[in-house]
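Down below is the structure, laid out as structure tokens.
Each value in this text was obtained by applying a stated rule to the coordinates, not by laboratory testing. Note that the coordinates shown come from a computational prediction; the quantities given were computed from them, not determined experimentally. Please note: Cβ atoms are built from the backbone with ideal geometry, for glycine as well, and neighbour counts cover all protein chains shown.
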Amino acid sequence: MNRPEGRANHSGQAQSFSTALIRRLGPVMLWLFLLAGAAGAEPRPFQGESLPLLPHAHYVVEPESGWRVEQAVRAFASGAFWPAEAEALNLGRVETAVWLHLELPAPVVPTGPWLLHLDRHRFQEVSLYHRGEEGWQRLAPSVRDPAAGAERPLFELPLEAETPQRFMLRLASQAPMLVAPRLQTPAAYLADARQHDFASGLYYGLIAALAFFAVVLSLTLRVRSPLWYALLIILGALYLGISRGQLIVWWPAMTPRLELLAGSATLSAMAIAALLLSRDFLLTASRDADGERLTRLGLLVAVSTPLAVLLFGERISLPYHTLMGVVCSIVLVIVAVRALRRHFRPAWGLLPAWLLLIGGLGLSAGLHLGVLPYRPWSLHGYQAGSLLAALLLPLALGWRIRWLLQEPAARDRQHGRGQDSAMTDPLTGLYNRQRLPGALQEGVKHCRRTGETMSLILLDVDHFKAWHDSWGQEAGDQVLEALGKQIRQHVRQHDIACRYGGSEFAIILPGTHAHAAVEIAERLRRTIEDQPFTPLPNQLARVTLSLGIAQLAPEDTAENLMRRSDRALYSAKRLGCNRSVVDGASSRATS
């Protein structure tokens, strides 16, 4: 016997369409990814030599009054400098400048052209002095770093293998002071630059391909979440470029204040995009009132950040950005956890992506606050975290789209199960009397629409009251339970069987003429007649059925069909029970 359940044809069609879309756009994404990576540079093996200078250096923070090179030399001679004892230093934010004293013993440096490379950190002022025969002389940059021009100068050093070399290097930066100077041959520098450009090209190429796919998906499926995702990863890539100084390459007239405001606005917009993606992805506006209030708080903080930086300047920039990052991160995680607690499973894909992105931003913040050491994992932590989050979020979006497409069908199934439970007789497992009128009305309408016919069987256990009085309720329930089981075995999946009285049952047979209904009724009657019952131990008894059959006539209503079948059942009882009787009109219809 088949119980009606909701269908989800639209869900299957949408999933098939999404799969086809991904298959068609996949090669386009791969093409964009490879094209942008190739545009960065061609990877080549590392060539030449590279030597870190900090293990041979001492440093000190310049006082507010400032120093000339002679004053810095005297301070070094008096022991005011500290040994670096590392290949890279993170001194945090320095209001003045940092002086480095570099002394290279003769065996350390071979003869040949060497470039002083300040890694990829940006400085507003770089002054290099060399101790020569005529005293300390300032060296002019001989080569410009093509990635950022004057803010990353390259110096060709006059090194000789026979004598030790001494240099004084003064660095000033509005950003946190990250110091990792190196000596490199031109070949080593070019190979390093190619590898850096290739890695950057791959990163931006993948971001571009993912963003393109997300925009097409959003426009095709008419959902907003992929659009917020595309905006988020584009802003994340833009923020990385600004923090690495690439905005100056794109716009050489950029001033430090404009660059600060651009970075602040980009980071704020990135937080807003993340919050809006979370809001749309997790449906907080309609399903989580507290989560919606938290999201609005995060949006307020994110919107106010660039305004605060514009009003109060650079001094408030880093603390306020840190505050915004902490608040928005807490909001994103709490709202995702709340979604998991209300059993919104796609949040399992969103939460790890947020943790990766927050972790990368945390490494970047720790580096800029001077809390974390200047190492590759802290320098590239944001780039790695944002890329992993960008790769994970499409999986979460696909999960979410599939979940929402399946949700109506699941809700219909759950509703159907609830309805079935309310309309099911617990003893026999058949429908109860509440289902019978509606099922009859549906069957009659279907026959009117399609021109098919249907039959109705009403049956009753003969002398059931006497059986119940003689053997008790438990024995009566035994008969009804066995009868319900036999009815389920004798009807088809699309037939509907109901218990509509104490010992009275109805079977609706769509597409069945009266003569076929009689065959079903007779098989069921004989089966029950031949089945022994044991109302008491060692006590056998038998049960018989009376059945009335009626076939739907062209002019019949559901009530009339029920009335004619009931008349046939009464006739079976009047004729002595244990028999099947067909309504007269139905007999004429099938003759």
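Stretch Ala516-Gln71 to full length: gain in nm at 0.36 nm per residue minus the Cα-Cα span?
148.8 nm
Just to confirm a number: summing +1 for Lys and Arg and -1 for Asp and Glu over residues other than Leu232 whose beta-carbon lies under 13 angstrom from that of Leu232, what do you get?
Residues close to Leu232 contribute a combined charge of +1.
Please compute the contact order of region 439-551 in relative form: average sequence separation of alpha-carbon pairs under 8 Å and at least six residues apart, divided by the residue count, as a percent.
Once divided by the residue count of region 439-551, the mean separation gives 39 percent.
What is the gain in length, in nm to one decimal, between Thr534 and Trp82 on full extension, counting 0.36 nm per residue of separation less the C-alpha to C-alpha distance?
152.6 nm
Quick check: net charge around Pro52, other residues with Cβ under 12 Å of its Cβ, Lys/Arg +1 and Asp/Glu -1?
Spelling it out: positives minus negatives among the neighbours equals -3.
Within 12 Å, Cβ to Cβ, of Asp530, how many net charges do the neighbouring residues add up to if Lys/Arg are +1 and Asp/Glu are -1?
+3
Which residue, Leu575, Ala541, Met562, has the largest displacement toward the positive end of the dipole of region 498-591 when charges sit on each Cβ (Lys, Arg +1; Asp, Glu -1)?
The one lying farthest along the dipole's positive direction is Ala541.
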